[in-house]
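Comments concern the structure below.
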Amino acid sequence: MSQINACRECDTAYADVELARDELARCRACHAVVARHAHTDVDKALAIAIACLILFFIANLTPVLGIEVAGTRTEANIWEAVLSMDNGWIALSAGVLAVTMLLAPFIQVVLVIWLLTFARFSRRAPGFAHILALLHVLRPWSMTEVFLLGALVAIVKLSSFLPISTGPGVWALGALTVLLAVLGRFEPSSWWALERLGET
Amino acid sequence: MALPRAIDLGLTKCRVCGLVAAAGPDEVHCARCNHLVTVRMPASAEKTLAWLITGIILYFPANILPVMHTSTVTGHEDSTIIGGIIEFLRSGSWDIAALIFIASVAVPVTKFLAIGLLLWTVRRRSVWARHERAKLYKVVEFIGYWSMLDVVVVAITCSLLQLKTLASAEPRLGIVFFCGVVVSTMMAALSFDPRLIWDGPAGAT
């Protein structure tokens, strides 16, 4: 147990303080958050993570947007959008889209469920340290909310000359964006507190 | 009032898990997450500069080359990012034009300037406006990925506009360069160690 903490942003050192629930400590030099109360409501976080997984499937298995003209119907969701760029060098963009819109959010949610399911039964999940490190790396590359905004822009763009309709996917995507943001509030750093589980 | 810094105490905070531990001259691995712990991210400024230059170079083809090709009954058209914005303006949706302008032009250019400024001041070990620069870095980190917006719009448009002779759209090479700009600027921000802003002579805090 270290007695000293430091600011991640500016390296100012502080003596560790006990924080009460919902309290956080800010850096006096740069105002970044130095420490939070290390507590994760496992049940709540797990419920949100499972809801995210369900919404993720709905968003990807149903159309987000659709167009129907003269008997021809086309649909779009994240997977369709990735596939539309599957063409020569442009597939590089498909790769970036697949990672940021599909893989990163999916892996994040699955890993969180894995960690929390074990935590639920007061066990330390296998691969704990690797998983938390991976979550740290994935975090900036998960961009579900950008897809949602992109879908809204596409509606405005195309609705002037084509009959565009929204599918169930757009609602699932909206809810997923909100829940992922809530899940993101459970700081990965506070998940390290789960590490003590199973050691005693 | 000068606050003590971890580096002066021979300590460092793990970038991955946040555990504070002693940092020696040898390679140390974090006791908690086993990530390599260094006092400062190795070659942070150099890596950031390399990604920044990559991003700026890619920005030119991203804007010059068309990002999408549309064929409708009225004809064929190649559109660039700027062209798309102008089209929204002409059709009266100035709000969407503003949104795409912010995501595709303002954000990348702001990131180039901001990261450039951070690198330059860090190199000079400047004490000037540290708070503001720390905030600037946070903003750069936060806004970065919204530039993917135009890539998403092009991808959705191309998957919807598959209406045979009536209207069809396919992506063009410009979008790959634009993706490259987003990834490079994000890598530049992630490579930058914000603690460098506060290194150098202790200034007014």
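We did not get these values from a lab; they are worked out from the coordinates using the rules stated. In this text, all values refer to a predicted model and were calculated from it rather than measured experimentally. Cβ coordinates were reconstructed from backbone atoms using ideal geometry, including for glycine residues, and neighbour counts include every protein chain displayed.
Sort the protein assembly as shown into rounded, prolate or oblate with this rule: let a ≥ b ≥ c be the square roots of the eigenvalues of the Cα gyration tensor; rounded if a/c is under 1.5, and if a/c is not under 1.5, prolate when a/b is larger than b/c, oblate otherwise.
oblate
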Roughly what would the spin-label model give for residue A:185 and residue B:123, points 7 Å off Cα along C-beta, in nm? 4.2 nm
Length released on extending from residue A:28 to residue A:124, taking residue separation times 0.36 nm less the Cα-Cα span: 31.1 nm
For chain A, find the longest principal axis of its Cα atoms and tell me its angle to the long axis of helix A:104-120, 0 to 90°, nearest 10. 40 degrees
Among B:47/B:111; B:13/B:111; A:44/B:13; B:111/B:135; B:111/B:138, which pairs are too far apart, with a Cα-Cα distance over 23 Å? B:13/B:111; A:44/B:13
With each pseudo-label sitting 7 Å past Cα toward Cβ, what's the residue A:178-residue B:98 distance in nm, one decimal? 2.6 nm
Quick check: the angle from helix B:130-143's long axis to the longest principal axis of chain B, C-alpha only, nearest 10 degrees? 40 degrees
Reduced to Cα centres, the span from segment B:38-88 to segment B:92-135 in Å works out to 16 Å
With angles folded into 0 to 90 degrees, how steeply does helix A:144-159 sit against the dominant principal axis of chain A? Use alpha carbons for both and round to 10. 20 degrees
Quick query: amide H of residue A:4 versus all other amide H atoms, modeled in the peptide plane; which residues come in under 5 Å with a sequence gap of 5 or more or a different chain? A:16
Selection of trypsin sites (Lys or Arg not before Pro), segment B:111-205, meeting DSSP coil and at most 16 other Cβ within 10 Å: B:124, B:125, B:164
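Estimate the FRET efficiency between residue A:162 and residue A:20 by the formula 1/(1 + (r/R0)^6), using the beta-carbon distance for r and 45 Å for R0, to the nearest 0.05.
On the way: r = 55 Å, r/R0 = 1.23.
Working from the Cβ atoms, E equals 0.20.
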